[in-house]
Ligand code: LLP
């Protein structure tokens, strides 16, 4: 996985740093990010567009993993940024990310969030619904301020891994329906507004997608509408944003295609459609989250208790679980793992890795072939970089683990471990205890 390897001490090493040293310094559980791998992924997307001479923006979908350090890294790599809440926008601003490259998403942005976006004069707002369209127009009028927008449309395609579903009228909480006239109505409203500068359209068809079919279908459906809108309203889309969703390999069962291939096929299709309808080539924007950070993240845990259910299963518990990685419990997501302190020892048994939360569903990995474990061994779970830390929680009042960035043999702490004091920080007493 990534730049991880087994070093001369016989330990798992990530970004040139021995994982047992990381555990000594930072404790467990610990999120470790391989910075050079994130850079490599970012460059992979960007270079493909550049080589093919296509005007593009690659916006990092920060919901996958948003911290100040990560946003700084995205900035260094020349990415744009997709934020979906005031909190993600605040993080971007705190990281001093260039505001003109921030895109604001979300199906229920509040007045406060829209005002915040306007205060910072961010690059564009991806308008999701009629309520937002009117609210934004009103706020802009109050402030006499213009803003660039995209319209999020639902093309009637939903894709997940190998499955994509074609739905006439998509049943989704997001976006303007492309088929039933809502998108056209939104377009007219946006075009009639004095304050909204409509750059183009956006769609996002799903996540963890292994094939290009869904993206190409979406591009086709959108183009046939864009053609109609050009004829009817003389509207020309400067930007076509096809969202994120590029799949990654969590286990050997997953077979994603390389990022560059998604990009190449998307570009080809957009070129084809543009020329078929004799329209000018729009800028192509994409929004990868998982595919930029997913396989760069590894979580290190300490092995603790064991339970043997004879002839059924061996449970091995670690010192984290659904509080730092809710994906197995929520989506039955699968992961691979090894013992980081003795990866070369022979695989001896099949065990199931349990978390420490008080919930039967808190299982990180079922039926994992593993070396013989002793307590205090270190379990490294791979590919936890996307939607791990970002969906972490304090269930059972478990403090969230710290985040360490490793690169070229150096480790930098970029998020501190939460403490028990942090856990009760927002609590206020109900009963006032008067000391006598
Ligand atoms: N753009 C939009 C509008 C999105 O809604 C999303 C993800 C992305 C981009 C980035 O998608 P990605 O490239 O990361 O697949 N919590 C789930 C994933 C939810 C994705 C939501 N939207 C998980 O852990 O699998």
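When residue 333 is tested against (1) part of a loop (DSSP other than H, G, I, E, B); (2) away from the ligand (no atom under 16 Å from the Cβ), just one condition goes unmet, and that condition is (2). Just give me the residues in segment 66-81 being within 15 Å of the ligand (Cβ to nearest atom) and in contact with a strand residue (DSSP E or B) (Cβ under 7 Å, 6 or more places away or on another chain), in sequence order. 74, 79, 80, 81 - these are the residues of segment 66-81 that are within 15 Å of the ligand (Cβ to nearest atom) and in contact with a strand residue (DSSP E or B) (Cβ under 7 Å, 6 or more places away or on another chain).
The rows are residues; the columns are (1) part of a strand (DSSP E or B); (2) surrounded by fewer than 24 Cβ atoms within 10 Å (Cβ to Cβ); (3) touching a helix residue (DSSP H, G or I) at 6+ places or on another chain (Cβ under 6 Å); (4) at pLDDT below 95.
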{"position": "108", "(1), (2), (3), (4)": "no, yes, no, no"}
{"position": "112", "(1), (2), (3), (4)": "no, yes, no, no"}
{"position": "131", "(1), (2), (3), (4)": "no, yes, no, no"}
{"position": "145", "(1), (2), (3), (4)": "no, yes, yes, no"}
{"position": "169", "(1), (2), (3), (4)": "no, yes, no, yes"}
{"position": "173", "(1), (2), (3), (4)": "no, yes, no, yes"}
{"position": "191", "(1), (2), (3), (4)": "no, yes, no, no"}
{"position": "194", "(1), (2), (3), (4)": "no, yes, no, no"}
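Scanning segment 170-178 finds one or more residues that are more than 13 Å from the ligand (Cβ to nearest atom), within 24 Å of the chain's Cα centre (by Cα) and under 19 Å from residue 110 (Cα atoms).
Residue-by-condition table, conditions (1) within 14 Å of the ligand (Cβ to nearest atom); (2) within 28 Å of the chain's Cα centre (by Cα); (3) over 27 Å from residue 171 (Cβ atoms):
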| site | (1), (2), (3) |
| --- | --- |
| 192 | no, no, yes |
| 195 | no, no, yes |
| 198 | no, yes, no |
| 223 | no, yes, no |
| 237 | no, yes, no |
| 247 | yes, yes, no |
| 252 | no, yes, yes |
| 260 | no, yes, yes |
| 273 | no, no, no |
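Being within 19 Å of residue 83 (Cβ to Cβ) and in a helix (DSSP H, G or I) is the requirement here; does residue 151 meet it? So residue 151 does not fit the description; no. Among the residues of segment 43-72, those that are farther than 17 Å from residue 266 by Cβ and touching a residue at least 40 places away in the same chain (Cβ under 8 Å) comprise 60, 62, 63, 64, 65, 66, 67, 68, 69, 70. Residues in segment 63-87 that are surrounded by fewer than 23 Cβ atoms within 10 Å (Cβ to Cβ) and closer than 22 Å to residue 108 by Cβ: 63, 84, 85, 86, 87. Inside segment 292-321, residues that are outside any strand (DSSP E or B) and touching a strand residue (DSSP E or B) at 6+ places or on another chain (Cβ under 8 Å) make up a count of 7.
Taken over segment 19-65, the criterion of being in a helix (DSSP H, G or I), more than 30 Å from residue 323 (Cβ to Cβ) and either within 15 Å of the ligand (Cβ to nearest atom) or within 16 Å of the chain's Cα centre (by Cα) (or both) is satisfied by 44, 45.
Please determine whether any residue of segment 376-397 is at pLDDT below 95 and more than 26 Å from the chain's Cα centre (by Cα). Looking through segment 376-397, at least one residue is at pLDDT below 95 and more than 26 Å from the chain's Cα centre (by Cα). From the list 412, 381, the lone residue that is more than 16 Å from the ligand (Cβ to nearest atom) and either touching a residue at least 40 places away in the same chain (Cβ under 8 Å) or more than 23 Å from residue 85 (Cβ to Cβ) (or both) is 412.
If you take the residues in segment 221-242 that are in contact with a strand residue (DSSP E or B) (Cβ under 7 Å, 6 or more places away or on another chain) and not in a helix (DSSP H, G or I), which one is nearest to residue 277 (Cα to Cα)? Within segment 221-242, the match that is nearest to residue 277 (Cα to Cα) is 237. Restricting attention to segment 402-435 and to residues that are touching a helix residue (DSSP H, G or I) at 6+ places or on another chain (Cβ under 8 Å) and part of a loop (DSSP other than H, G, I, E, B), the residue that is surrounded by the fewest Cβ atoms within 10 Å (Cβ to Cβ) turns out to be 408.
The values are calculated or read from the model by the stated rules, or taken from the named source; none is laboratory data. This structure is a prediction, so every number in the text was calculated from the model and none was measured. Heads up, the Cβs are rebuilt from the backbone with ideal geometry, glycines too, and the neighbour counts pull from every protein chain shown.
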